Structures are given as C-alpha cells and as structure tokens.
C-alpha cells in the first residue's frame, strides 16, 4: 500500500494502532468490527492534490480508505473511541484505542488541520 501511495504523491504523516469499526448499515445504531484486531491506521498527505487520507489495511482488505474533507466532523464519543462519517464511502468509521493519550495524539497530529471536532 505504501508504494502505491508514494507513486500517487502521498506521504505518510502518522501511523498508529486501533480497532476499526463501521456502523451497521441496516440499523445505523450498532458498530460492526471491520478488523479482527488492532491494525495500523495511517494518515497520508497528498501534496499534489492538497488532501489527506486515512488508510487501514488488514491482510489484503482495506478496512478504511477515507479522504478527509473540511466539512467532516470527528466526534470523541468516549475517552478511547472516536468516529466520523464519510459520505463518499457511504459509511461511518469508528476507531477504538488502547488509551486516551493515543486517541488524543492521533487527532492532535492528524485531524486538527482538517477535521472539525466535537
């Protein structure tokens, strides 16, 4: 994945480990695990298009491929969990972390520039 991203002008900014979830498309209320364990979640910046992407892969399956737009809102729903809605991917993503400092570090370094926060 990194080689493909580099070819597209994307540079990694930050990588962390988190459990990835998608909102259940049927109920829109419960979370469905998208990864079987904590996986690498990487944030890339594409200088040619001036945009950020969040990518996470488990095995050969992309569990997150989300382009961050200025109108997205990241919501911390607990000390270790945050979520955002990606209209382009037609899903709500959730990230669960081992600790609150991991969640805070991730969003201080990666999301503050482009995400609105709640």
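Since every read-out is calculated from the coordinates, none of them should be taken as a lab result. Everything quoted here is computed from the prediction, not taken from an experiment.
What the Cα atoms of segment 30-96 give is an Rg and a Dmax of 12.3, 37 Å. With one equal scatterer per alpha carbon and no solvent term, the Debye-computed log10 I(q)/I(0) for segment 7-53 at 0.20 1/Å reads -0.75.
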